[in-house]
1. Could you please find all residues in the stretch 116-148 being of a type in the set (S, T, N, Q) and farther than 20 Å from residue 175 by Cβ?
2. Answer yes if at least one residue in the stretch 47-55 is farther than 24 Å from residue 178 by Cβ and buried (at least 22 other Cβ atoms within 10 Å of the Cβ), and no otherwise.
3. Scan the stretch 220-233 for residues that are surrounded by fewer than 21 Cβ atoms within 10 Å (Cβ to Cβ) and in a helix (DSSP H, G or I) and jot them down.
4. Going residue by residue through the stretch 200-219, is there one that turns out to be crowded, with 17+ Cβ neighbours inside 10 Å, over 20 Å from residue 62 (Cα atoms), of a type in the set (Gly, Ala, Ser) and in contact with a Pro (Cβ under 7 Å, 6 or more places away or on another chain)?
5. Exactly one condition in (1) aliphatic (A, V, I, L, M); (2) under 24 Å from residue 43 (Cα atoms); (3) in contact with a Pro (Cβ under 7 Å, 6 or more places away or on another chain) is not met by residue 85; state its number.
6. Working only within the stretch 128-146, note down all residues that are among the polar types (S, T, N, Q) and touching a residue at least 40 places away in the same chain (Cβ under 8 Å).
7. On the basis of being in contact (Cβ under 8 Å) with a residue 60 or more places away in the chain and either surrounded by fewer than 15 Cβ atoms within 10 Å (Cβ to Cβ) or touching a Gly at 6+ places or on another chain (Cβ under 7 Å) (or both), does residue 167 make the cut?
8. Counting only residues that are part of a helix (DSSP H, G or I) and either under 17 Å from the mean Cα position of the chain (by Cα) or of a type in the set (Val, Ile, Thr) (or both), which one in the stretch 63-78 is nearest to residue 164 (Cα to Cα)?
Amino acid sequence: MTSIWDPIRIGNMALEHRFAMAPMTRSRAGADGTPSPLAAEYYAQRASLGLLITEGAQPSDDGQGYLNTPGIYTDAHVAGWRRLAQAVHTGGGHLVIQLMHVGRMSHPDNTPHHRQPVAPSAIAPGVKMFTARGMLDIPEPRALSVGEIEATVHDFAHAARQAIAAGADGVEIHAANGYLIQQFFAPNANVRGDRYGGPTQNRTRFAFEVARAVSDAIGPERTGIRISPGSTLGGIDEGPEARALYRRLVPALAELGLAYLHVPMVAMKSCLARSAGCGRTRCWLRAPIAPSSLLPPMWRPGLPTWPRLGAGRSPIRISSSDIGQARR
């Protein structure tokens, strides 16, 4: 029986076990988005774990939402990340940089150009954002044009190339938690009438185009993606077609041969468990997808070949049964 302690190869990374560090915003970058020496120290301290998935790094000025988050699109950013990657590799770890465009989850005070946030449609999320002036209402975003959407796809690909140039082992596309890519999924955030809005095949188009562009740029073996079906963060409501949307999206992503798919447990619980008849936490997997026998039927097409790392609240982390196994 496979355990959390067994080695596994994920894309181009040979891992000694199936634990990894979850991404979490650390805000240890300079005002220009360059990771600071403190950021390098933070990740180096954790390198002995093995696989580290970093906080979200914006692929452009428009992609930033929070204060002092890192970018991965300028030469200065690459230099900062290179120091960080070298520190992690010296400590025996692997580094995957998460690419995160926040879309409407931003405030002009927090971005380099101080412009209005961008989104699929001009619909504010109805929540507040922390800024240097305290908590402020997020303003109504500006709807992206088709040309700007295409440019954003290129921004993701460019950021992925920059990540590899900085010495990262791969990237994780953030398509979850109410940020730009998931905003395209949600009919309460996306009311477009063009090829990026309306039917589920249109609302998943941007996500697929980003994944394809990134995998073409750096190789699918260096590309992972994170989704959070049913998440309502940032005012997102994926509506009654959510299951149909993910039934379309996930097999399409699997066809790209990506290194892994990252699914938070809470997303599995909120969106899938009610109708899936799947037992308890064993089907709420947060990590590269589990064997199809553990998954609800909507997830099974095209997924059996995706590797399983583990289960629990963090990617590739642990489940209650794994804890019992470790104690034995």
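Computed from the coordinates by the stated procedures, all read-outs in this text should not be read as laboratory data. Quick caveat, the model's predicted, so the values are computed rather than measured. Neighbour counts are summed over all protein chains in view; Cβ atoms, including those assigned to glycine, are modelled from backbone coordinates with ideal geometry.
1. Of the stretch 116-148, the ones of a type in the set (S, T, N, Q) are 116, 121, 131, 145.
Once the filter is applied, which keeps residues that are of a type in the set (S, T, N, Q) and farther than 20 Å from residue 175 by Cβ, the stretch 116-148 yields 116, 131, 145.
2. Filtering the stretch 47-55 down to residues farther than 24 Å from residue 178 by Cβ leaves 47-51.
Applying the additional criterion that residues be buried (at least 22 other Cβ atoms within 10 Å of the Cβ) yields 51.
The answer is yes; a qualifying residue exists.
3. Residues satisfying the conditions are 220, 221, 233.
4. no
5. Going through the list (1) aliphatic (A, V, I, L, M); (2) under 24 Å from residue 43 (Cα atoms); (3) in contact with a Pro (Cβ under 7 Å, 6 or more places away or on another chain), residue 85 breaks only (3).
6. Our first condition is that a residue be among the polar types (S, T, N, Q); within the stretch 128-146, this holds for 131, 145.
131, the sole residue that qualifies.
7. Details: in contact (Cβ under 8 Å) with a residue 60 or more places away in the chain: yes; either surrounded by fewer than 15 Cβ atoms within 10 Å (Cβ to Cβ) or touching a Gly at 6+ places or on another chain (Cβ under 7 Å) (or both): no.
Against the criterion (in contact (Cβ under 8 Å) with a residue 60 or more places away in the chain and either surrounded by fewer than 15 Cβ atoms within 10 Å (Cβ to Cβ) or touching a Gly at 6+ places or on another chain (Cβ under 7 Å) (or both)), residue 167 does not qualify.
8. Narrowing the stretch 63-78 to residues part of a helix (DSSP H, G or I): 63, 75-78.
From what is left, the residues that are either under 17 Å from the mean Cα position of the chain (by Cα) or of a type in the set (Val, Ile, Thr) (or both) are 63, 78.
Values: 63: 19, 78: 9 Å.
Filtering first and then ranking leaves 78.
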